[in-house]
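For reference, the structure is listed below as structure tokens.
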Amino acid sequence: MKLTNLLATAAVALGLATSAFADDKTKVGFVFVGPVGDGGWTYEHNKGRLAVEAEFGDKVETTFVENVPEGADAERVMTQMALQGADLIFTTSFGYMDPTINVAKKFPDVKFEHATGYKQADNVSVYSARFYEGRAIEGHIAGKMTKSNIVGYIGSFPIPEVIRGINSAYIHAKKVNPDVEFKIVWAFTWFDPAKEADAAKVLIEQGADVILQHTDSTAPLAAAEAAGNVIGFGQASDMSEFKDGPRVSSIIDDWAPYYISRVKAVMDGTWESKSTWDGIGAGMVGIGDITDKVPADVKAEALAMKAALADGSYHAFTGPLNKQDGSVWLKEGETAQDYSDDGLAGMNFFVEGIVGDIPE
Amino acid sequence: MDLSAINPALLLASLLVAATPIMIAGIGELVVERAGVLNLGVEGMMITGAICGFMATIITGSPALGFLFAALGGAALSLLFALLTQVALANQVASGLALTLFGLGLSSLLGQGYVGLKPPSSPKLDIPLLSDIPFFGTVLFSHDIIVYLGIALVAAVWATLKYTRVGLVLRAVGENHDAAHALGYKVVRIRVLAIMFGGACAGLGGAYISLIRVPQWTEGMTAGAGWIALALVVFASWKPWRVLLGAWLFGGITVLQLNLQAAGVSIPVEILSMSPYIITIVVLVIMSADKSRAPASLGRIFHASS
């Protein structure tokens, strides 16, 4: 029964609290925004945590707290972890950015790693994956496969990471299908299956036959399955339980190699604050198996694009590209910079052709 | 902005679905309040029903059994409230609030191992011929059985309260429990049964969210539906058919705001997402002019000796 699990966890937690300063294990904490069983974002971060345990065995001790709201609660959880003797803390959601910086100031000897943010400090590194490379491939498949020419997109929060994804998917869908139209619903949550399901249903009712999601649960895929002729993609994780249904491919976040290398750096004393932003090439972004629902030629094109993105011969944002208001963003052949005005890191505009405003 | 993208038939059909959980929970609470008991624990009973139904469906593989266990789970939790308020004579408001908090905690404990699982899908009741009628077929005859059960429940409660002896006794207990007691009716027993009926309805409503509408389990997934159900009863001025109307209004605006967003209407998203709640408040204010009043003994504690 699950109660024994809980008791075991409680016992482990108690053990941790009492033995915090007793041995020289490297202690690594993880702060998760959703439950580890969400099947998406947090599930993959937890897989990275388990990989760290498998790699270092007895030399490392990991703890995690799930379902931590972005805000004051996050700060409390991080403080608690630092007080319990954590050497390294991974905070795995965009909204933990300011809490991480605040707590890091109070604990200069503890190392922090914040996912998908942009604020660094001497003891705070940032890391993210170039999910937009995966979105380019999704966009290509979506543009080729939509029959209604309407693609539904469930956005979470209007932050650069999500906007990059929408732009990248749109550019590549438009390239292969000039008639394609994107309908975007903002859910204002990372994880709320009821809301995500409602959003997906509405998009499907309005004619979308491809659903792209930037939220973490499998609810949109369940809605697509219920609707019938609708396809979708696994988000953050493979979501392969929908393989026989709507899921035609997926973007998989693979954090394990990064987590292992960072824990190793702490053990060796070589850890320093840096900014990591890897994509398909470095293996941080994976593309899940493309199913047989996708025609063979489309699949081949998608795989070719994946290879080109991986070896760097193609950039997902290559000009000519205009902004939504028609002004020039990238000239012919120019590729987007990571950090500059109008760079990818702080992207806050839609590209030309997308209808609708970004909520403030 | 392209309003033509909104299909009215599908909009009305999803309105019926969105309204069902609050309608079922609301009609249950109406019966409880007509018996003179104010149970603010609807949210807690709904979420407990949601997880009980989900667990039973995963274990047995049968959604029908899932709904049965959801009703049982909700009723069992409401029994705790009945014990506190009818036997121990505790304050109903405080006990109800405690029940909500307890239900939320209990459900996340029970649900630990069930996050992310996929329940077997509940079959849709496709009525041959009828569901092929253009427009009306989609709106009225393409739903799962619980949608119809909800409407039937409203009709049954209305008829029972209005035309039967049981209904009359229940209303008497709610209006003046001392008089009902003097006539020899078992006030406490009747109220406990009403509370359990309310709990079972709340449980069903919760399970509708976790088994059909989403279908998945997450902590806190009823997200305030129980409070809406409570507001519905006041909104309906304790009349069954108005619960149905209120539920459709609330469900309709919830669905409409998502549709408007997807259609690209340039109204700020924040305003759209709070619109169902604003409309609820506005309608409550307007309805307060209505002279229908609450059951006279609502929320009052009864003891045979007083």
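The values are calculated or read from the model by the stated rules, or taken from the named source; none is laboratory data. Nothing here was measured: the structure is a model prediction, and the numbers come from that model. No Cβ is skipped: glycine too gets one built from the backbone with ideal geometry, and neighbour counts run over all protein chains shown.
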Just to be sure, is B:Thr254 under 14 Å from B:Thr20 (Cα atoms) and assigned to a loop (DSSP other than H, G, I, E, B)? no
Going by what's in this entry, would A:Lys293 be described as surrounded by 15 or more Cβ atoms within 10 Å (Cβ to Cβ), among the basic types (Lys, Arg) and either under 27 Å from A:Glu44 (Cα atoms) or away from chain B (no Cβ under 14 Å) (or both)? yes
Can you confirm whether B:Ser14 is part of a helix (DSSP H, G or I), without any contact (Cβ under 8 Å) to a residue 40 or more places away in the chain and within 13 Å of chain A (Cβ to nearest Cβ)? no
Going by what's in this entry, would B:Ile47 be described as in a helix (DSSP H, G or I), more than 26 Å from B:Thr164 (Cβ to Cβ) and of a type outside the set (Asp, Glu)? yes
Filtered residues of the stretch A:115-144 (kept if closer than 22 Å to A:Phe233 by Cα, among the charged types (D, E, K, R) and in a loop (DSSP other than H, G, I, E, B)): A:Arg130
Only one of A:Phe64, A:Phe112 is in contact with a helix residue (DSSP H, G or I) (Cβ under 7 Å, 6 or more places away or on another chain), aromatic (Phe, Trp, Tyr) and either outside any strand (DSSP E or B) or surrounded by 24 or more Cβ atoms within 10 Å (Cβ to Cβ) (or both). Can you tell me which? A:Phe112
Can you tell me how many residues in the stretch A:239-275 are farther than 23 Å from A:Asp38 by Cβ, in contact with a Ser or Thr (Cβ under 7 Å, 6 or more places away or on another chain) and not small (Gly, Ala, Ser)? 4
Under 7 Å by Cβ, and 6 or more places apart or on different chains, what pairs join a residue from the stretch A:60-86 that is within 20 Å of A:Phe191 (Cα to Cα) and within 14 Å of chain B (Cβ to nearest Cβ) with one that is among the polar types (S, T, N, Q) and crowded, with 18+ Cβ neighbours inside 10 Å? A:Glu66/A:Thr42
Single condition B:Ile209 does not satisfy, out of (1) within 14 Å of chain A (Cβ to nearest Cβ); (2) closer than 20 Å to A:Glu196 by Cα; (3) modelled with pLDDT under 85: (3)
Residues that are buried (at least 18 other Cβ atoms within 10 Å of the Cβ), among the aromatic types (Phe, Trp, Tyr), within 14 Å of chain B (Cβ to nearest Cβ) and farther than 29 Å from A:Ala54 by Cα: does the stretch A:186-199 have at least one? yes
For B:Ser275, which of the numbered conditions (1) under 23 Å from B:Ile190 (Cβ atoms); (2) without any contact (Cβ under 8 Å) to a residue 60 or more places away in the chain fails to hold? (1)
How many of the residues making up the stretch B:226-268 are buried (at least 23 other Cβ atoms within 10 Å of the Cβ), among the hydrophobic types (A, V, I, L, M, F, W, C) and facing chain A (nearest Cβ under 9 Å)? 3
Considering residues that are within 12 Å of chain B (Cβ to nearest Cβ) and modelled with pLDDT under 90, the number found within the stretch A:344-360 is 6
Could you grab the pairs with beta carbons closer than 6 Å, sequence gap of 6+ or different chains, first residue in the stretch A:335-347 and among the β-branched types (Val, Ile, Thr), second one at pLDDT 85 or above? A:Thr335/A:His315; A:Thr335/A:Thr318
Hits in the stretch B:35-69 (condition: surrounded by fewer than 24 Cβ atoms within 10 Å (Cβ to Cβ) and closer than 14 Å to B:Ala194 by Cβ): B:Leu38
Have a look at A:Ile159, A:Ile163, A:Ile154, A:Ile141 and point out the one that is touching a strand residue (DSSP E or B) at 6+ places or on another chain (Cβ under 6 Å), under 30 Å from A:Lys306 (Cβ atoms) and either among the β-branched types (Val, Ile, Thr) or modelled with pLDDT of 95 or more (or both). A:Ile154
Filter result for B:Pro276 (away from chain A (no Cβ under 14 Å) and either in a helix (DSSP H, G or I) or surrounded by 19 or more Cβ atoms within 10 Å (Cβ to Cβ) (or both)): no
Return the only residue of B:Ile212, B:Ile267, B:Ile271, B:Ile228 being assigned to a helix (DSSP H, G or I) and over 30 Å from B:Ala64 (Cβ atoms). B:Ile271
Given the criteria away from chain B (no Cβ under 14 Å), crowded, with 22+ Cβ neighbours inside 10 Å and among the hydroxyl-bearing types (Ser, Thr, Tyr), does A:Thr91 qualify? yes
Scanning the stretch A:201-213 for residues that are more than 10 Å from chain B (Cβ to nearest Cβ) and crowded, with 24+ Cβ neighbours inside 10 Å, which turns out nearest to A:Ala236 (Cα to Cα)? A:Gln213
Considering A:Thr270, A:Thr291, which residue is within 30 Å of A:Thr26 (Cβ to Cβ) and either touching a Lys or Arg at 6+ places or on another chain (Cβ under 7 Å) or not assigned by TED's automatic domain parsing to the domain that holds A:Asn229 (or both)? A:Thr270
